[in-house]
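Peer 1: Okay, here's the structure, questions in a sec.
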Amino acid sequence: MTTQNGFPVVTALIVLPLLAAVALLVLRRNERTIRLVTLGAGILECLLALPLLAYQPNGPAFQFVEHAPWLPALGMSYHMGVDGLSLYMILLTALMLPLCVLGSWTYISKRVTEFHFCLLLMTSACIGVFAALDFVLFYVFWEAMLVPMYLLIAVWGGPRRRYASIKFFLYTLAGSTLLLAAIVAFRQVGGTFSIPELMQQPYSFRFQMWAFLAMALAFAIKVPMFPFHTWLPAAHVEAPAAGSVLLAAILLKMGTYGFLRFCLPLTPAASVTAAPVMIAISIASILYGGCIALGQTDIKKLIAYSSVGHMGFVTLGIFLFSVKGVSGAILQMLNHGITTGGLFMMIGLLYERSHSREIADNQGLGKFMPAYMFLFGVFSFSSLAFPGTNSFVGEVLVLIGAFAGNPWVGFAAVPGAMLAAAYMLRLLQRVTWGEPTSFKKGWYDLGAREWATLVPLALLVFYIGLAPSLAIKTIEPSIERVLAAMQAKNEAMGLTSDMPLAARMELGAPLKVAEAQDAVSKELP
């Protein structure tokens with residue numbers, strides 16, 4: 001195997017959780033040892049991810065590249081790499097493993113070995129999704145994460161866990177089937193599964209539209225976008241705290257990452273054509289998620305519906321096709337994982353005490369649990385994009401991109417920010433003050449383990465919110481490459497904004513491969 005930096009960082013990040021999972025099978029009868037081994041693997045995973053911080057924004061398009069033959073006869077290879085689109089998602093995945101272990105230390109009391117086994121498999125599969133540069137390899141990891149997530153909901157979930165897990169599985173499987181069809185189509189037309197090589201090649205507009213439709217539906221289900229969102233609230237409410245954290249922080253981002261990695265570079269003309277529809281659906285997701293969240297009495301369900309609105313801002317930023325809009329979208333992917341992951345962890349800690357997620361049963365916590373409410377306030381203000389927090393930066397960048405592209409799009413998205421403030425402030429006010437109907441003398445404030453779980457995420461809320469320039473400088477060069485390549489391909493095809501759909505359907509068929517490759521060779525690796 002050839003590696004760009006000597007040590008195979010990405011492979012190590014994928015293999016370490018798998019080795020730890022195997023070790024758990026040997027230690028399956030000692031629950032404390034199982035937790036300690038998984039926590040140790042999570043901490044080591046974070047340390048192994050530190051070399052990724054040496055990523056050079058203005059260096060090669062893909063860095064930390066690892067390449068080895070896999071099935072040469074079928075054009076498949078083990079091809080991994082990192083760029084500005086995937087860097088922070090890999091780092092966030094590594095960080096979430098030890099935090100999920102700490103957050104579930106006392107929450108999970110049955111099938112402890114199997115639970116931590118699933119956490120480790122999820123981590124390995126998610127990192128593989130964000131780092132894969134071979135289409136089949138990407139699909140293998142994409143499917144691999146489905147089973148452990150299904151088990152986390154079905155085995156350790158709430159009273160309706162069977163319904164929620166089956167719904168999650170069926171929705172995701174439907175999207176995966178469409179994605180597989182698109183992968184096979186690209187292999188037939190492009191002659192390879194290599195993602196960088198497929199980026200170099202031109203495709204007719206007709207092919208792009210069909211491929212975009214298949215991929216966009218698969219990714220829209222994963223995000224999820226309205227109206228494909230119905231599996232998300234059930235999965236979040238029934239999943240254990242760690243499952244909700246992984247679902248919100250990592251799994252939803254696979255959909256938006258798919259739009260950035262595949263739809264924009266591989267089907268640029270179709271992406272531009274479909275942009276008005278995608279923007280409209282994004283705004284619908286923002287408004288719908290906010291309105292439904294405003295009427296919830298279950299804290300976990302409120303945060304689940306808020307994710308629909310927050311992810312709507314991400315897809316809106318992607319389909320603005322501007323550096324600021326896409327930068328804001330990628331920042332929001334990271335910020336949503338930090339903020340919503342923190343909120344779901346706090347809801348899990350609260351449920352351990354009150355055994356209820358109803359707002360009415362968890363009022364007056366400011367009097368009895370001041371430290372808890374301080375951190376809950378931090379994540380709540382981040383969720384409503386309060387200035388100085390991480391979400392403010394990403395949301396403002398998306399809105400700036402929206403107003404710059406079309407003021408009406410910007411005006412349509414603004415009520416979503418107002419709704420976020422309404423439902424989060426309402427939740428914060430009711431939980432902080434009042435008299436809890438389920439209060440017990442056994443309630444206690446945050447312990448050392450719980451502080452260790454929440455403080456890293458709280459620090460990131462303020463670090464990104466007050467000093468976002470490093471993150472923005474890291475991702476912008478990759479965004480500029482993608483957008484420049486999109487423009488070059490569309491210009492090479494002769495696509496114009498006022499061209500009717502019937503005329504667009506004839507574009508690209510006679511285009512020579514060499515001509516199109518010359519047009520984008522300076523923009524893509």
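Peer 1: Among the listed pairs Lys253/Lys301; Lys301/Lys473; Lys253/Lys473; Lys110/Lys253, which have their C-alpha atoms separated by more than 31 angstrom in this model?
Peer 2: Over 31 Å Cα-Cα: Lys301/Lys473.
Peer 1: Hey, what do the phi angles of segment 445-450 turn into as Karplus ³J(HN,Hα) couplings, whole Hz, using 6.51/-1.76/1.60 and θ = phi - 60°, x for Gly and Pro?
Peer 2: Taking θ as phi minus 60°, the curve returns 7, 4, x, 4, 4, 6 Hz for segment 445-450.
Peer 1: Still on this structure: Taking the Cα centre of segment 2-512 as the origin and placing charges on Cβ (Lys, Arg +1; Asp, Glu -1), which of Phe130, Met96, Ile286 is farthest toward the positive end of the dipole?
Peer 2: Of the options given, the answer is Met96.
Peer 1: Something else: Explain nothing, just the number: dipole magnitude of segment 1-106 about its Cα centre with +1 on each Lys and Arg Cβ and -1 on each Asp and Glu Cβ, in debye rounded to the nearest 20.
Peer 2: Details: 4 positive and 4 negative charges, 89 e Å.
Charge dipole, segment 1-106, about its Cα centre: 420 debye, nearest 20.
Peer 1: Another one. Suppose a student asked you for the relative contact order of the chain, using Cα pairs under 8 Å spaced at least 6 residues apart; what percent would you report?
Peer 2: Relative contact order comes out at 16 percent.
Peer 1: Between 0 and 90 degrees, rounded to the nearest ten: what's the tilt of helix 390-405 against the longest Cα principal axis of the chain?
Peer 2: 40
Peer 1: Ordering Lys473, Lys300 from largest to smallest accessible area (1.4 angstrom probe), what's the sequence?
Peer 2: On the way: Lys473 135, Lys300 10 Å².
Largest accessible area first, the residues go Lys473, Lys300.
Peer 1: Now for a separate question. Two decimals is fine: what is log10 I(q)/I(0) at q = 0.07, 0.09, 0.11 Å⁻¹ for the chain, from a Debye sum with one equal scatterer on every Cα and no solvent?
Peer 2: Values returned for q = 0.07, 0.09, 0.11 Å⁻¹ are -0.36, -0.61, -0.91.
Peer 1: Stretch Lys367-Glu491 to full length: gain in nm at 0.36 nm per residue minus the Cα-Cα span? Write out the running numbers ahead of the final one.
Peer 2: On the way: separation 124, 0.36 × 124 = 44.64 nm, distance 6.26 nm.
Between Lys367 and Glu491, full extension yields an extra 38.4 nm.
Peer 1: Putting +1 on Lys and Arg Cβ atoms and -1 on Asp and Glu Cβ atoms, find which of Phe186, Leu260, Val308 reaches farthest to the positive end of the dipole of the chain.
Peer 2: Val308
Peer 1: Quick one: length gained pulling Val277 to Arg160 fully straight, 0.36 nm per residue minus the C-alpha distance?
Peer 2: Working it through step by step, the gained length comes to 38.7 nm.
Peer 1: Per-residue HN-Hα couplings for segment 98-108, Karplus 6.51 cos²θ - 1.76 cosθ + 1.60 at θ = phi - 60°, whole Hz, x for Gly and Pro?
Peer 2: x, 5, 5, 5, 5, x, 9, 4, 10, 5, 9
Peer 1: At 1.4 Å probe size, with no ligands or nucleic acids counted, give the accessible surface of Asp445 in Å², nearest ten.
Peer 2: Result for Asp445: roughly 40 Å² accessible.
Peer 1: Moving on. Would you grab the residues whose amide H sits under 5 Å from the one on Leu133? Only those 5+ places off in sequence or on another chain, please, with H modelled 1.01 Å from N.
Peer 2: Here His79, Met80, Gly81 satisfy the definition.
Peer 1: At a probe radius of 1.4 Å, what is the per-residue accessible area of Leu427, in Å² to the nearest 10?
Peer 2: The value for Leu427 is about 0 Å².
Peer 1: Charges on Cβ only, +1 for Lys and Arg, -1 for Asp and Glu, centred on the Cα centroid of the chain; of Thr474, Leu232, Ala371, which one is farthest towards the dipole's positive end?
Peer 2: Going by the Cα projections, it comes out as Ala371.
Peer 1: Compute, for the chain, the length of the dipole vector about the Cα centre, with Cβ point charges of +1 (Lys, Arg) and -1 (Asp, Glu) only. Units Debye, rounded to 20.
Peer 2: 1340
Peer 1: Right, another one. Given a 1.4 Å probe and heavy atoms of the protein chains only, how would you sort Tyr423, Tyr288, Tyr78, largest accessible area at the top?
Peer 2: Sorted by accessible area, descending: Tyr288, Tyr78, Tyr423.
Peer 1: So, one more: Using θ = phi - 60° and the Karplus curve 6.51 cos²θ - 1.76 cosθ + 1.60, what whole-Hz ³J(HN,Hα) does each residue of segment 230-242 get, with Gly and Pro shown as x?
Peer 2: Couplings: 5, 6, 5, x, 5, 5, 5, 5, 8, 5, x, 4, 5 Hz.
Peer 1: Per-residue counts of other Cβ atoms within 10 Å, averaged by peptide: what ranking do you get for 394-407, 334-347, highest first?
Peer 2: Ranking, from highest mean packing down: 334-347, 394-407.
Peer 1: I've got another one for you. How would you order 94-100, 68-74 from highest to lowest mean count of nearby Cβ atoms within 10 Å? Spell out each step's value before the answer.
Peer 2: On the way: 94-100: 25.7, 68-74: 10.6.
Order by mean packing, descending: 94-100, 68-74.
Peer 1: Given labels modelled 7 Å from the Cα in the Cβ direction, how far is it in nm from Phe374 to Leu18?
Peer 2: 4.4
Peer 1: Express in nm, to one decimal, how much length is gained between Gln429 and Ala73 on full extension, taking 0.36 nm for each residue of separation and deducting their alpha carbon distance.
Peer 2: 122.0 nm
Peer 1: In whole percent, and with a 1.4 Å probe on the protein chains, what portion of the accessible area of the chain is carbon and sulfur? Could the numbers behind the result be given before it?
Peer 2: Numbers: 12910 of 19170 Å².
The computed percentage sits at 67.
The values are calculated or read from the model by the stated rules, or taken from the named source; none is laboratory data. In this text the structure is predicted, and so the values were computed from the model without any measurement. Backbone-built Cβ (ideal geometry, glycine too); neighbour counts: all protein chains shown. Ligands, DNA and RNA are excluded from the accessible area calculation, which covers all protein heavy atoms including side chains. Shrake-Rupley method; radii C 1.70, N 1.55, O 1.52, S 1.80 Å.
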